[in-house]
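These notes concern the structure reproduced below.
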Amino acid sequence: MHKRTLTILIATSVAVTASTQVFAYGAGDFFARLGVAKFAPKSDNGSLDTALGVLETDVQDDSAFAFALGYRFTDKLGVELLASEPFDHDIELNDANLASTEHLPPTLTLQYYPLGGTDAYVQPYVGVGVNYTRFSDEKTKVDGVSLELDDSWGAAGQLGLDLLIDDRWALNGAVWYMDIDTDAKVGGADAGKVELDPILVMGGISYHF
Ligand code: NI
């Protein structure tokens, strides 16, 4: 056999092996996802009844680095915890940028992977679970008027997609809906609820091991 023919045969068999290789993706995997997330509250966040009058709230969007850690109990079932650096939101009161808050919205979901354990390169998933949001550093630009936002517990839902690159890495995109309603105090007095009920969209990479 000519050396050149042998080289071509080896190259071809390597290529065929690579293209038919099945990436393990399923039971027993730990996984991490890392990306940038945009936290977008719904457009109308409720009205607050305060000593300053009725204030219509509009909480603005923010983006931050986010990451998720998870485990696959079976090929098709997993659990994932989403965490992030703090999101920092301006809050419009009657259309004026008069307040702000930071928050952390960790979210735990139980996930279903319909194609887990198969050789599909495109691996979608859905999840349902619970969100806990902790607000901090609430401020207003109105002299002497404080803002206080209580912690929130609520339901969460999730859709995601991994596009497998190799046995470890994937491109990832995911979207969450979170039910986040917080009791607000303005100037120390109960003022009603602020409903964020956001969509969180994250794009980045997945690594499983
Ligand atoms: Ni809500």
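Here, each number is a calculation from the coordinates, and none is a lab measurement. All of these numbers come straight from a predicted model, not from anything done at the bench. Reconstructed Cβ throughout: ideal geometry from the backbone, glycine too, with neighbour counts over all protein chains shown.
Some notes on this structure:
- Size of electric dipole in the stretch 30-122: Cβ of Lys, Arg +1 and of Asp, Glu -1, about Cα centre, debye, nearest 20: 700
- Qualifying trypsin sites (Lys or Arg not before Pro) for the stretch 73-155 [loop in DSSP, other Cβ within 10 Å: at most 15]: Lys141
- Relative to the current alpha-carbon distance between Ser136 and Asp190, full extension at 0.36 nm per residue lengthens the span by 17.7 nm.
- Dipole of the stretch 49-203, positive end: most advanced residue of Ile199, Leu171, His89 [Cβ charges, Cα centre]: Leu171
- Taking amide hydrogens as placed 1.01 Å from N in the peptide plane, the amide H of Tyr25 sits under 5 Å from those of Gly117, each at least 5 positions away in sequence or on another chain.
- Alpha-carbon centroid distance for the pair the stretch 160-190 / the stretch 47-106, whole angstrom: 9
- Using the Stokes-Einstein relation with a Kirkwood hydrodynamic radius computed over Cα pairs, the translational diffusion coefficient of the stretch 47-156 at 37 °C and a viscosity of 0.692 mPa s comes to 199 µm²/s.
- The chain: angle of helix 3-20 to the longest principal axis, Cα-based, in degrees nearest 10: 40
- Phi-based couplings in Hz for the stretch 44-52 (Karplus 6.51, -1.76, 1.60; Gly and Pro marked x): 10, 9, x, 10, 10, 9, 10, 4, 8
- Relative exposure of Thr50, Thr74, Thr101, judged by other C-beta atoms within 10 Å (fewest first): Thr74, Thr50, Thr101
- Evaluated with a Cβ-only charge set (Lys, Arg +1; Asp, Glu -1), the chain carries a dipole of roughly 1660 debye about its Cα centre, given to the nearest 20.
- Alpha-carbon Rg with Dmax, taken over the stretch 2-208, Å: 22.9, 91
- From the C-alpha gyration tensor of the stretch 146-209, square roots of 5λ in Å: 38, 10, 8
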